[in-house]
1. Charges only on Cβ, +1 for Lys and Arg, -1 for Asp and Glu: so what's the dipole of the range 47-115 about the Cα centre, in debye to the nearest 20?
2. For the chain, what does the helix formula give at 222 nm: sum of -39500 (n - 2.57) over DSSP H segments with n ≥ 4, over the residue count, nearest 500 deg cm²/dmol?
3. Using a Förster distance of 35 angstrom, determine the FRET efficiency expected from the C-beta separation of Trp93 and Glu49, and round it to 0.05.
4. If you filter the range 1-99 for chymotrypsin sites (Phe, Trp or Tyr not before Pro), then keep DSSP loop positions with at most 11 other Cβ within 10 Å, what is left?
5. Using DSSP to define loop residues, name the trypsin sites (Lys or Arg not before Pro) in the range 1-100 whose beta-carbon has at most 15 other beta-carbon atoms within 10 Å.
6. Sorted by packing (mean other beta-carbon atoms within 10 Å per residue), highest first, where do 146-156, 106-116 land?
7. Can you grab the distance from the C-alpha centre of the range 98-147 to the C-alpha centre of the range 1-59, Å, no decimals?
8. When the Debye formula is applied to the Cα atoms of the range 5-112, each taken as the same point scatterer, what base-10 log of I(q)/I(0) results at q = 0.10, 0.18 Å⁻¹?
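Readers should treat all values here as calculations from the given coordinates under stated rules, not as data from a laboratory. Because the structure is a prediction, the values reported are computed rather than measured. Cβ atoms come from the backbone with ideal geometry, glycine included; neighbour counts cover every protein chain shown.
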Amino acid sequence: MNRRSMSIDVRAFRQTVGQFVTGVTIITAEVDGTVRGMTANSFTSLSLEPPLVLFCVGKATTMGQLIHAAERFSVNILQRNQQQLSTYFAGSWKESSPPEFSLQSWEGGSRLNGCVAAIGCAVEAIYEGGDHWIVIGRVLALHASDEACAPLAFCRGRYATLEDSGLT
């Protein structure tokens, strides 16, 4: 078998994988006493025993440059009315003031108030993955909203909602 890589157009690759519907999260991590956050849809559960999750972060991003100094991080799963927070933490916010949000300290690190759920993790390992870091977290704490709320989704470069009546 020829292991030579094919020449794949980056834009076409991005458009193709963008067909996959994902949830939207904000990853928060405390580094040198300051809580940093980033929007990520490259998040998944990895293992049940032990409980592990992972997310990917671009090496050239602020979080990508700081993640090696973090001991913990939280994965905050956004609800559909938190699109503005996703835009803000993605670095695409155009307004002069940030949208309203608050963080709460808990055993999992810093949790974004109002999210559907949050997963607090200790950094277990960080691996190289092309132009990204693959960050694996050992789950330390779980939080779920008491309210029934639908998650924010992302597909084809746009925010989306899930129209399942069981999610609203």
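1. Values: 5 positive and 5 negative charges, 39 e Å.
About 180 debye.
2. Numbers: 3 runs with 20 residues, N = 168.
Result for the chain: -3000 deg cm²/dmol, rounded to the nearest 500.
3. Working: r = 40 Å, r/R0 = 1.13.
Efficiency, rounded to the nearest 0.05: 0.30.
4. Details: sites: Phe13, Phe20, Phe43, Phe55, Phe73, Tyr88, Phe89, Trp93; in loops: Phe20, Trp93.
Here the sparse-neighbourhood loop sites are Phe20.
5. On the way: sites: Arg3, Arg4, Arg11, Arg14, Arg36, Lys59, Arg72, Arg80, Lys94; in loops: Arg3, Arg4, Lys59, Lys94.
Hits after loop and neighbour filter: Arg3, Arg4, Lys59, Lys94.
6. Working: 146-156: 14.5, 106-116: 20.0.
Going from most to least packed, we get 106-116, 146-156.
7. Here the answer is 14 Å between Cα centres.
8. -0.34, -1.04
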